[in-house]
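**Q** Pasting a structure below so you can have a look.
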């Protein structure tokens, strides 16, 4: 199992140099959304890490609109021409297309962590890059079972996010109003904590930089409690992000846990990070069940006997029905079933039908409003069906 | 005034007006008030789990109704589908093709592949896929997409450029609620409410009121704000720009919104597009009148978001999030007796003597003073109740499904 981590600042590597990580994702100000180091610093860092015999990956995860895309490409071309980058990690499909077309020598790590939640999607984008893709970054929302299955089905390495802050969104807008508030930190970032009475969680961390605004979950993600299971997954890399708590102590504690993965060592690491942790969707994606509950199909429209809906009820006098379908089936002497919103059923033998002038009629049109005799218990929004079995007791009706 | 310059009137590019159809009722309303196309969802695979989505029978009826009115129907299959959601998608695609759906709107390559393998349906890429540059559009085109619904981060000019470079149809949102985050990349609901925002479960946490403590402020200082709540999009005055940049389709957001919203927005944009099609310029009076009408539906404060310039901090509400209601719907015309009366299905109560407006399909709305309200038995009613039918004075050119509204007292 390989370990990957992120370098946002050129100084980050000094903490991580003697750690179990074999791959370092380098995030620059120019090409990534959260990077703080300049392209020049990144160049030197990539050389330094290579000299240590470890692998670097240039992170290009900016979503760039058409007008800025050309500038990004120019900067990237310039950077790649003078750097030792051999592998890039891309998120935007446009950048993926660019690298595929213009840099046949570069290996690609495809970041599909958002918007790609099924095997066909993953396989499709993998096939698009052919043998150029060396690794796919999977969604944080996959369960243990899905990760295991994908590791067998995908003909490439996979990476999951196993430890660190959980980014909830990225907006290109200035939500904290960084410029209006006339505040710039040394890194050009502005931070705030947010809470809402309407949310079950408090203490969201919000950060704004020159790429927009980012929101992080109050808790961090930790799948390291399941390390024994994860080690059984073939071709799996774990990515770890110590931000914003990266320090010598944190890396030391992580290294200790990695060499001796006992609970006590993990607890010490978590305590040092200063956050509480969740396991996210690792043991199951509970949104699957909830989505089904949210959907309330209106199956009555599929019933071949569905006629329409009650619009108005005049107690003891009449009810108005809007004919929605099967207008040709409703005739004098038909029997109707009324199903109220609470599910109660009543029926009516149709002895007379009247139009909106209350004149008797015997033929109906779709979308017509008709008046029938009052039926006890029927309320507006009651659904009306033709009764094909005629097995319900008939309620007596009043005259219109 | 927006000038026509020396362009030839006959060469004006007229985009399609694409309205939301969250239910059969709203589909009819959208078409009646001038939509060229509607988008809707079947009973699965969509992002609007709580909308009154269309059952197969309703869908067939909707297609019949729409095509009889020369209106196209696009079906959304734009949830980010998980493996378990995909069973049946191939058969559903075949069914949609068989009944004559004009296109499907899809977010991910997996769903796209299954649809392509089972049908020849035209595929539009959902805004959820955040396609914001030409190379991305090219990659999606290579996958069989015929139209891109641009990410909400791109401008009209950028969309036009993508179209020219790639040779693909472009669709942009022109009106309605906006996500402040990159669509499809927001997982607040997923991680805080266990609801997958990208499969129809969005909890709208971005609309909440938050207390913010800035790290650089002194301890204890909190700022209250709807800091994540985007203002609503309004692009009515930008129709000439959409036309000049040959944007193929103008999309109105709002499958979850009511019939009055659908009717009002569709009608106004239809009128504006018709004026533009005739070769006229938009006078400031016209734009002002349309803006006034757009104020009459429930909405947040309006902004142009990214349509012209990059959306800045002013496109976020911060200080208030209440939807502004100038008008409310009081009912829908469900029947009429020529020259005698309109039969109104009451949705919100009103009183004898109240002034109402009948929102005709074209032209100005017509004021009706309710000097006398009668029920179906011709008995006078002092105050109407929801879920009753009442007779209003007859209005020339009114027709079934026209909506009746009333100014809200403030």
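**Q** Would you tally the residues in region B:333-351 being assigned to a strand (DSSP E or B), more than 13 Å from residue A:369 (Cα to Cα) and more than 9 Å from every other protein chain (Cβ to nearest Cβ)?
**A** 1
**Q** Could we say that residue B:312 is within 11 Å of chain A (Cβ to nearest Cβ), without any contact (Cβ under 8 Å) to a residue 60 or more places away in the chain and loosely packed, with under 14 Cβ neighbours inside 10 Å here?
**A** In short, no.
**Q** Out of B:264, B:362, report the one residue that is crowded, with 18+ Cβ neighbours inside 10 Å and in contact (Cβ under 8 Å) with a residue 40 or more places away in the chain.
**A** B:264
**Q** Here are the criteria: (1) surrounded by fewer than 24 Cβ atoms within 10 Å (Cβ to Cβ); (2) more than 7 Å from chain A (Cβ to nearest Cβ); (3) not in a helix (DSSP H, G or I). Tell me which single one residue B:182 does not satisfy.
**A** (2)
**Q** If you don't mind, there's one more thing I want to ask. Could you run through region B:197-231 and say how many residues are facing another protein chain (nearest Cβ under 8 Å), in contact (Cβ under 8 Å) with a residue 40 or more places away in the chain and part of a loop (DSSP other than H, G, I, E, B)?
**A** Counting residues in region B:197-231 that are facing another protein chain (nearest Cβ under 8 Å), in contact (Cβ under 8 Å) with a residue 40 or more places away in the chain and part of a loop (DSSP other than H, G, I, E, B) gives 3.
**Q** Out of A:192, A:162, which single residue is in a strand (DSSP E or B), within 7 Å of chain B (Cβ to nearest Cβ) and buried (at least 22 other Cβ atoms within 10 Å of the Cβ)?
**A** A:192
**Q** For region A:201-211, check the following and say yes or no: at least one residue is under 30 Å from residue A:1 (Cα atoms) and more than 7 Å from chain B (Cβ to nearest Cβ).
**A** No, the conditions are met nowhere in region A:201-211.
**Q** What number of residues within region B:248-283 satisfy the criterion of being within 10 Å of the chain's Cα centre (by Cα) and on the phi > 0 side of the Ramachandran plot?
**A** 1
**Q** Which condition number does residue A:134 fail, the rest of (1) within 7 Å of chain B (Cβ to nearest Cβ); (2) surrounded by fewer than 21 Cβ atoms within 10 Å (Cβ to Cβ) being met?
**A** (1)
**Q** Between a first residue in region A:235-250 that is at positive phi and a second residue that is part of a loop (DSSP other than H, G, I, E, B) and surrounded by 20 or more Cβ atoms within 10 Å (Cβ to Cβ), which pairs have beta carbons less than 9 Å apart while being 6 or more apart in sequence or on different chains?
**A** That search, which allows pairs on different chains as well, returns nothing.
**Q** Taking region A:343-371 only, how many residues are surrounded by fewer than 12 Cβ atoms within 10 Å (Cβ to Cβ) and closer than 16 Å to residue B:336 by Cβ?
**A** 2
**Q** I've got another one for you. Taking residue B:342, is it more than 30 Å from residue A:324 (Cα to Cα) and surrounded by 21 or more Cβ atoms within 10 Å (Cβ to Cβ)?
**A** In short, no.
**Q** Turning to a different aspect of this structure: Which ones in region A:308-322 are out of contact with any strand residue (DSSP E or B) (no Cβ under 6 Å at 6 or more places or on another chain) and either at the interface with another protein chain (Cβ under 7 Å from one of its Cβ atoms) or outside any strand (DSSP E or B) (or both)?
**A** Hits for region A:308-322 are A:315, A:316, A:317.
**Q** Among the residues of region B:75-101, which ones are under 27 Å from residue B:190 (Cα atoms), more than 11 Å from chain A (Cβ to nearest Cβ) and crowded, with 24+ Cβ neighbours inside 10 Å?
**A** Correct list: B:75, B:76, B:77.
**Q** Working only within region B:137-158, note down all residues that are within 8 Å of another protein chain (Cβ to nearest Cβ), more than 19 Å from the chain's Cα centre (by Cα) and in contact (Cβ under 8 Å) with a residue 40 or more places away in the chain.
**A** Passing the criteria: only B:157.
**Q** Scan region A:81-102 residue by residue and report those that are buried (at least 16 other Cβ atoms within 10 Å of the Cβ) and out of contact with any strand residue (DSSP E or B) (no Cβ under 8 Å at 6 or more places or on another chain).
**A** Of everything in region A:81-102, those that are buried (at least 16 other Cβ atoms within 10 Å of the Cβ) and out of contact with any strand residue (DSSP E or B) (no Cβ under 8 Å at 6 or more places or on another chain) turn out to be A:93, A:94, A:97, A:98.
**Q** Residue A:125 fails exactly one of the following numbered conditions: (1) crowded, with 19+ Cβ neighbours inside 10 Å; (2) touching a helix residue (DSSP H, G or I) at 6+ places or on another chain (Cβ under 7 Å); (3) within 21 Å of residue B:198 (Cα to Cα); (4) in contact (Cβ under 8 Å) with a residue 40 or more places away in the chain. What is the number of that condition?
**A** Unmet condition: (4).
**Q** Read through the list (1) under 27 Å from residue B:53 (Cα atoms); (2) within 14 Å of chain B (Cβ to nearest Cβ); (3) at pLDDT 85 or above, then give the number of the only condition that residue A:336 fails.
**A** Condition not satisfied by residue A:336: (2).
**Q** How about region B:355-397: which strands (runs of 3 or more DSSP E) wholly inside it have at least 2 residues that are within 28 Å of the chain's Cα centre (by Cα)?
**A** Where strands (runs of 3 or more DSSP E) fall fully within region B:355-397 and carry at least 2 residues being within 28 Å of the chain's Cα centre (by Cα), they are B:355-359, B:366-369.
**Q** Pick from B:320, B:372: which is exposed (fewer than 14 other Cβ atoms within 10 Å of the Cβ), under 30 Å from residue B:207 (Cα atoms) and more than 14 Å from chain A (Cβ to nearest Cβ)?
**A** Only one candidate qualifies: B:320.
**Q** Still on this structure, I have one more. Give the residue, chosen from A:242, A:214, A:254, that is at pLDDT 95 or above and farther than 28 Å from residue A:151 by Cβ.
**A** Going through A:242, A:214, A:254 in turn, the sole match is A:214.
Here's the yes/no breakdown for (1) without any contact (Cβ under 8 Å) to a residue 24 or more places away in the chain; (2) not in a helix (DSSP H, G or I):
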{"position": "B:54", "(1), (2)": "no, yes"}
{"position": "B:58", "(1), (2)": "no, no"}
{"position": "B:67", "(1), (2)": "no, no"}
{"position": "B:73", "(1), (2)": "no, yes"}
{"position": "B:81", "(1), (2)": "no, yes"}
{"position": "B:87", "(1), (2)": "yes, yes"}
{"position": "B:114", "(1), (2)": "no, no"}
{"position": "B:117", "(1), (2)": "no, no"}
{"position": "B:120", "(1), (2)": "yes, yes"}
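**Q** Every residue in region B:140-178 that is in a helix (DSSP H, G or I), buried (at least 24 other Cβ atoms within 10 Å of the Cβ) and out of contact with any strand residue (DSSP E or B) (no Cβ under 9 Å at 6 or more places or on another chain), please.
**A** B:158
The values are calculated or read from the model by the stated rules, or taken from the named source; none is laboratory data. In this text, all values refer to a predicted model and were calculated from it rather than measured experimentally. A quick note on method: Cβ atoms are made from the backbone with ideal geometry, for glycine too, and the neighbour counts reach across all protein chains shown.
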